[in-house]
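Comments concern the structure below.
The values are calculated or read from the model by the stated rules, or taken from the named source; none is laboratory data. In this text the structure is predicted, and so the values were computed from the model without any measurement. We place every Cβ from the backbone using ideal geometry, glycine too, and count neighbours over all the protein chains shown. Each accessible area value is taken on the protein alone, full model and side chains, heavy atoms only, with ligands, DNA and RNA left out. Shrake-Rupley method; radii C 1.70, N 1.55, O 1.52, S 1.80 Å.
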Amino acid sequence: MIMPRNLLVIIILLFMFSCETKLQENKINTPEKNKTLSDDSLLTLVQYRTFQYFYEGAEPTSGLAPERIHPDGFYPENDAHIITTGGSGFGVMAILVGIERGFITREEGFRHLEKNVDWLSKVERFHGAWPHWIEGTSGKVKPFSPNDNGADIVETAFLIQGLLAVRQYFLNGSIQEQQLAAKIDQLWREVEWSWFTKKGEDVLYWHWSPDNEWKMNVPIKGYNECLIAYLLAAASPTFPVSAAVYHKGWAQEGEMKTNMGAYGYNLTLKHDRTEIYGGPLFWSHYSFLGLDPRNLSDQYADYWTHNVNHTLINRQWCIENPLDYKGYSENCWGLTASYSPDFYHAHAPGYETDKGVISPTAALSSFPYTPEYSLQAMKYFYYQLGDKVWGKYGFYDAFSEQENWFPEKYLAIDQGPIVVMIENHRSGLLWKLFMSSPEIQQGLTKLGFDYK
């Protein structure tokens, strides 16, 4: 059969267009060839790739965030199917970013989140709270440690923070969207925050086990990443804690407050043993994915100023580089909890806590606090290190030029804040959604926050 000339021309043109499209896709996949991206386009590309961890890379049964994704194929304890509760809270926020940025349609995002919420309502919970890890295939708790096989109120807080943002996003939508918002509201109301005061103590306890009860015995005291747990506990419409739990437990009747710092940057909250330099940077990220630190203060701190200074100290430590690690510079900085050559470590400024490992999430999740410096770091990671640190789901979790260590591994709790905090820098999306919750406004007032 002889093909008509016009049809043949069309087929040739389509083939050429397809080749050009593939060429452009290959350019996107090869960082070192992509040096003409605008800053805005680079931000979008990083968000898109990282968002895909929570969409394309989601655990199949639940649609939620797997604890880790290892392109190298090696998983500790064969745990590729394990769901992380806190990381899933970050992940549902990332899905909202994906909708708003046009990575997926609103309908696709809604269906994905509906699947998440339906699954969460059916899995093992303890006094309304979820465990740290859940087996994706069965919905049963996956013990985080021998005595940590029940509720984790901090991981639950990270999850609820994300779910409340989703609730607010769909609150006035279609009938189906409103139904999803109502399901989330029910899950929020079922968390028994007051139970975690261990029979009425003025402090929250991190864990509870159905067979070991309070054996973990970890009171949650500041200052670290757990502020959001106290806010949600105080804001609960069904099982609230008193303001005294916050002031006596979390703030330790004012003992949480300090007046320290380094490099001319003041810190007003104690950061454990490293209070002079501040702890790992995730302490300024996890609670503030939804909780807006701008103009947020109480009797202990101005949280915007504190978080900015925390970030600047972290960066300056890397510039000063007192341990003389290879690769550290004004463009290559950021110490936080992440993978490490010895598996996992809470990297932070300090002679015992700095292991020569840079975690991209540290600088990139700090975009709201240090936009110029975070962009410099992003460009260095993308253009200079390229494929050593860049893969299918964005920047890999951590690397060390000192050790020539560039593992192809991702962790949900580090990927999620990148998407969310870049978006908060660009549009304030997640801050606006979470802060629009009336219970959150009431909770902040109850605890003595000024947030306007």
message: So GLY139 passes all but one of these: (1) touching a residue at least 12 places away in the same chain (Cβ under 8 Å); (2) outside any helix (DSSP H, G or I); (3) open to solvent by 50 Å² or more (accessible area, probe 1.4 Å). Which condition number does it fail?
response: (3)
query: Does the stretch 319-338 hold any residues that are outside any loop (DSSP other than H, G, I, E, B) and open to solvent by less than 10 Å² (accessible area, probe 1.4 Å), and which are they?
result: ALA337, SER338
task: Name the single residue, out of those in the stretch 154-176 being among the polar types (S, T, N, Q) and part of a helix (DSSP H, G or I), that is farthest from the chain's Cα centre (by Cα).
output: GLN176
message: HIS127 - would you say it is in contact with a strand residue (DSSP E or B) (Cβ under 9 Å, 6 or more places away or on another chain) and open to solvent by 40 Å² or more (accessible area, probe 1.4 Å)?
response: yes
task: Would you tally the residues in the stretch 62-80 being open to solvent by 10 Å² or more (accessible area, probe 1.4 Å) and either among the small types (Gly, Ala, Ser) or over 19 Å from the mean Cα position of the chain (by Cα) (or both)?
output: 9
- prompt: Quick one: is LYS215 basic (Lys, Arg), open to solvent by 30 Å² or more (accessible area, probe 1.4 Å), in a loop (DSSP other than H, G, I, E, B) and closer than 30 Å to ILE184 by Cβ?
  reply: no
task: Hey, can you tell me all the residues within the stretch 97-129 that are among the polar types (S, T, N, Q) and touching a residue at least 24 places away in the same chain (Cβ under 8 Å)?
output: ASN116, SER121
query: Which of the residues that make up the stretch 275-318 are over 29 Å from VAL166 (Cβ atoms), in contact with a Pro (Cβ under 6 Å, 6 or more places away or on another chain) and open to solvent by 10 Å² or more (accessible area, probe 1.4 Å)?
result: TYR277
message: Can you tell me which residue is farthest from ILE153 (Cα to Cα) among those in the stretch 177-207 that are part of a helix (DSSP H, G or I), in contact (Cβ under 8 Å) with a residue 60 or more places away in the chain and of a type in the set (A, V, I, L, M)?
response: LEU180
query: Any residue in the stretch 422-441 that is open to solvent by 50 Å² or more (accessible area, probe 1.4 Å), polar (S, T, N, Q) and assigned to a helix (DSSP H, G or I)?
result: yes
task: Take HIS132 and decide whether it is open to solvent by 10 Å² or more (accessible area, probe 1.4 Å) and either of a type in the set (Lys, Arg) or closer than 21 Å to CYS226 by Cβ (or both).
output: yes
- line: Over the stretch 358-417, the set of residues open to solvent by 40 Å² or more (accessible area, probe 1.4 Å) and either within 18 Å of the chain's Cα centre (by Cα) or farther than 15 Å from CYS318 by Cα (or both) is PRO371, GLU372, LYS379, GLN384, ASP387, LYS388, LYS392, GLU403, ASN404, TRP405, PHE406, GLU408
- prompt: Quick one: what pairs do we get from the stretch 278-300, first residue in contact (Cβ under 8 Å) with a residue 60 or more places away in the chain and more than 30 Å from TYR351 (Cβ to Cβ), second open to solvent by less than 10 Å² (accessible area, probe 1.4 Å) and not in a helix (DSSP H, G or I), C-beta under 7 Å, 6+ apart or different chains?
  reply: ASP298/LEU447
task: Take the residues in the stretch 339-357 that are out of contact with any Lys or Arg (no Cβ under 6 Å at 6 or more places or on another chain) and of a type in the set (Phe, Trp, Tyr), then tell me which one is surrounded by the most Cβ atoms within 10 Å (Cβ to Cβ).
output: TYR344
- request: Among the residues of the stretch 84-113, count how many are within 18 Å of ILE134 (Cα to Cα) and open to solvent by 10 Å² or more (accessible area, probe 1.4 Å).
  value: 0
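Please verify whether GLU352 is in a loop (DSSP other than H, G, I, E, B), of a type outside the set (Gly, Ala, Ser) and within 24 Å of PRO76 (Cα to Cα), treating the condition exactly as stated.
no
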- request: Residue by residue through the stretch 77-96, note down the ones that are touching a residue at least 12 places away in the same chain (Cβ under 8 Å), assigned to a helix (DSSP H, G or I) and closer than 24 Å to PHE406 by Cα.
  value: GLY87
